[in-house]
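So the structure is just underneath, and the comments pick up after that.
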Amino acid sequence: MKYGFIGCGNMGGAIARALSKTTNDIMVTDRSGKARQLAEELGCEYTDPITIASSCERIFLAVKPQMMRQALSPLRKYLREYKPLLITMAAGLEISTIQDLAGAELPVIRIMPNTPVQVGKGMTLYCCNDLVDEETLEDFLDDMAFTGYMDEIPEHLVDSAGVVSGCGPAYMYMF
């Protein structure tokens, strides 16, 4: 399964590093070009968003929520044609909003990881729409094993539960 990352900040980079333990079929891109270093580190390909949208079966949308429209607008044609699984970690953007911005009804998994995923001890909350079949979800969860724990919750709780799981480790660091 080919994974693509559109955006590779701290969290996107951490998840890409974890995924690289199960697959080397990863492509990355970002606006600044900093993901070139990540691509070299992981031995994967640095490319452009259109190549990712037209050749990856699973695409991580690792951009800030306010940048999602700008990131997805030029890809709409390719997303409609190739129908990849989209994985979003944008806080506050519901699955229906991601589909609207993508311009198509696509399978979407919404995740809310916390910083310990960087060392394989994280907690990632997730939910998905009905277009994500059981086999795809199981494969995704297996691939994410090196990030830590995965916990499915209803979408209406993702943002509030993400605050708790995200702030909890930071609070514990104080001790």
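The values are calculated or read from the model by the stated rules, or taken from the named source; none is laboratory data. Fair warning: this is a prediction, and the values are worked out from it, not measured in the lab. Ideal geometry is used to build each Cβ from the backbone, glycine not excepted, and the neighbour counts take in all protein chains shown. Calculation scope for accessible area: heavy atoms of the full protein, side chains included, ligands and nucleic acids excluded. Shrake-Rupley method; radii C 1.70, N 1.55, O 1.52, S 1.80 Å.
Points to keep in mind about this one:
- Inter-centroid distance (Cα atoms) of the range 1-74 relative to the range 106-126, Å: 15
- For the chain, the dipole from Cβ point charges (+1 on Lys and Arg, -1 on Asp and Glu) about the Cα centre works out to 820 debye, to the nearest 20.
- Calculated P(r) of the range 1-96 - Cα pairs past 22 Å, %: 19
- Couplings 3J(HN,Hα) for the range 117-131, derived from phi with the Karplus relation 6.51 cos²θ - 1.76 cosθ + 1.60 (θ = phi - 60°), are 4, 4, 10, x, 10, x, 10, 10, 7, 8, 8, 8, 8, 5, 7 Hz, where x marks Gly and Pro.
- Solvent-accessible area, 1.4 Å probe, carbon plus sulfur percent, for the chain: 51
- Per residue accessible area in Å² of the range 96-165, where ligands, DNA and RNA are left out and the probe is 1.4 Å: 50
- For the range 28-36, backbone phi angles converted through the Karplus equation (6.51, -1.76, 1.60; θ = phi - 60°) give residue-by-residue couplings of 10, 7, 7, 6, 8, x, 5, 5, 4 Hz, Gly and Pro being listed as x.
- The solvent-accessible area of SER165, taken with every protein chain present and a 1.4 Å probe, is close to 20 Å².
- In terms of accessible area, using a 1.4 Å probe and ignoring ligands and nucleic acids, VAL119, VAL163, VAL63, VAL158 rank largest first as VAL119, VAL163, VAL63, VAL158.
- Heavy-atom accessible area per residue - the range 15-58, 1.4 Å, Å²: 53
- Equivalent ellipsoid semi-axes - Cα gyration tensor, the chain, angstrom: 23, 19, 15
- Across the chain, the relative contact order, built from alpha-carbon pairs under 8 Å that are at least six residues apart, equals 19 percent.
- Helix-only [θ]222 nm of the chain, DSSP H runs n ≥ 4, -39500 (n - 2.57) each, per residue, nearest 500: -11500 deg cm²/dmol
- Largest accessible area first, the listed residues ASP25, ASP143 line up as ASP25, ASP143 when surface is computed with a 1.4 Å probe on the assembled protein chains.
- With a Cα cut-off of under 26 Å and a minimum spacing of 8 residues unless on different chains, the lysine pairs in the chain number 15.
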